[in-house]
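J.: Take this structure first; my questions come after.
The values are calculated or read from the model by the stated rules, or taken from the named source; none is laboratory data. Only a predicted model underlies this, so the values are computations on that prediction, with no experimental measurement involved. Glycine gets a Cβ as well: all are built from the backbone with ideal geometry, and neighbour counts include every protein chain shown. Quick note on the areas: whole protein, heavy atoms, side chains included, nothing else; ligands and nucleic acids left out. Shrake-Rupley method; radii C 1.70, N 1.55, O 1.52, S 1.80 Å.
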Amino acid sequence: MYTQAMDLAPKEERKAVRSAEEAVLEERFEARIDAGDFIEAKDWMPEHYRKTLVRQISQHAHSEIVGMLPEGNWITRAPTLKRKAILLAKVQDEGGHGLYLYVAAETLGTTRDQMLAALHSGKAKYSSIFNYPTLTWADIGTIGWLVDGAAIMNQVPLTRCSYAPYARAMVRICREESFHQRQGYDSLLVMMKEGTDAQREMVQDAVNRWWWPSLMMFGPPDAESPNSAQSMRWGIKRISNDTLRQKFIDACVQQAQVLGVTLPDPDLKWNDARGSYDFGPIDWAEFWRVVGGHGPCNRERLAARVKAWDDGAWVRDAALAHARKQEAKQQEAA
Ligand code: BYC
């Protein structure tokens, strides 16, 4: 005898009930985070947690597929069959990483089309590092050593991210990144130890150009990182931007010594008290310029992604037409 309308409380009251319910859910969520629980796609989560994850995971996915471009540029010019096969495998891996990450982000209720539209319109970010050019073959080894090295340092903690689908994707990605770092270091080692003077100079020049942008990959200093505090609180990020950057620098110094290259920072000096290397100032104005779309290759990179998307339209159309045919056939058979 009651209509549905009669069941409804006045709007303000409903809002209060909903937010009271939400407050309970949020409390439970925070307790799970505090207990070190992992959150699955179907679990309740605060909207801000969801949005933060979509932002970070989609940016990460974009970085992987944009990251294919500077290295892809050298596939046809790799010096030997072995190096070409390695580079091909690496670039394909990056494409795969993009796919795992887009799928992880899709579990949060956003579509791949939406994420790609944000990339193509210039609204979404991707890693600053891929807006620098790859001028010589030594850049490819240096990207492996420094860029993939920085990526591993940043991404291993993400295998413990509180959002389980992202954490799971990161386990495989990190294993592959590790091969990427090793192949880059190996390529540089061969040039430095068995190469000509010209090759050694080429390696040093590449290291000079990639060192500082690699340090920027970890993001702005903690004190200027607007997302860090909340992301650390939620266990999305486990280690801060500055701590990871310092760990990376400390690891690279020894590796540079073994290679026989100089890191282009006159202020790099062991600090006994800190148990770490001190380093010179990072040019954050350059970082923000690049993030803001004004790096050496931003336009080129975005144009290449948009072109790939447009050129691939017929493949997506054909796949959809095939899926529709299959579905119609199945319905007919049923
Ligand atoms: N470049 O508050 P913050 C790879 C943005 S793929 C551009 O510290 P958060 C590889 C940041 O997004 C490498 N933007 O942010 C692939 C934020 O802007 P919004 C990619 C950057 O998220 C192929 C603002 O600055 N790795 O390695 O707490 C071949 C303030 O920063 C950058 C990942 O994506 C940057 N470098 O921390 C080879 C890993 N840094 O969004 C290798 C996953 C910061 O508020 N991501 N920004 O407008 C993360 O771990 C974190 O998102 C970051 C930044 C540490 C990068």
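J.: Count, please, the residues in the range 29-53 that happen to be under 15 Å from the mean Cα position of the chain (by Cα) and surrounded by fewer than 21 Cβ atoms within 10 Å (Cβ to Cβ).
T.: Looking only at that region, the number is 1.
J.: With the requirement that a residue be open to solvent by 70 Å² or more (accessible area, probe 1.4 Å) and more than 16 Å from the ligand (Cβ to nearest atom), what does the range 179-197 give you? Break it down into steps so the answer makes sense when it comes.
T.: Within the range 179-197, the subset open to solvent by 70 Å² or more (accessible area, probe 1.4 Å) is 179, 182, 193-194, 196-197.
Hits for the range 179-197 are K193, E194, T196, D197.
J.: Report every pair of residues separated by at least 6 positions or lying on different chains whose Cβ atoms are under 7 Å apart, first residue within the range 272-286 and on the phi < 0 side of the Ramachandran plot, second open to solvent by 70 Å² or more (accessible area, probe 1.4 Å) and not in a loop (DSSP other than H, G, I, E, B).
T.: From the range 272-286, the pairs are Y277/K269; Y277/W270; D278/K269.
J.: Report, by residue number, each residue of the range 47-82 that is touching a Gly at 6+ places or on another chain (Cβ under 9 Å) and either more than 9 Å from the ligand (Cβ to nearest atom) or not in a helix (DSSP H, G or I) (or both).
T.: Within the range 47-82, R50, V54 meet the criteria.
J.: Also: Which of the residues spanning the range 136-171 are near the ligand (Cβ under 10 Å from one of its atoms), buried (at least 21 other Cβ atoms within 10 Å of the Cβ) and either at pLDDT below 95 or among the β-branched types (V, I, T) (or both)?
T.: I143, V147
J.: Right, here's the next one. Can you list residue pairs whose Cβ atoms sit under 9 Å apart, with the first residue in the range 104-115 being of a type in the set (A, V, I, L, M, F, W, C) and in a loop (DSSP other than H, G, I, E, B) and the second being modelled with pLDDT of 95 or more and open to solvent by 10 Å² or more (accessible area, probe 1.4 Å)? Count only pairs 6 or more apart in sequence or on different chains.
T.: Listed by first residue and then by second, the contacts come to L108/A41; L108/R50; L108/K51; L108/V54; L108/P165.
J.: Determine whether R238 is surrounded by 11 or more Cβ atoms within 10 Å (Cβ to Cβ), touching a residue at least 40 places away in the same chain (Cβ under 8 Å) and within 28 Å of Y163 (Cα to Cα). Let's see the steps before the verdict.
T.: On the way: surrounded by 11 or more Cβ atoms within 10 Å (Cβ to Cβ): yes; touching a residue at least 40 places away in the same chain (Cβ under 8 Å): yes; within 28 Å of Y163 (Cα to Cα): yes.
Yes.
J.: Could you tell me which numbered condition P133 fails, if it satisfies all but one of (1) surrounded by fewer than 17 Cβ atoms within 10 Å (Cβ to Cβ); (2) within 14 Å of the chain's Cα centre (by Cα)?
T.: Among (1) surrounded by fewer than 17 Cβ atoms within 10 Å (Cβ to Cβ); (2) within 14 Å of the chain's Cα centre (by Cα), P133 violates only (2).
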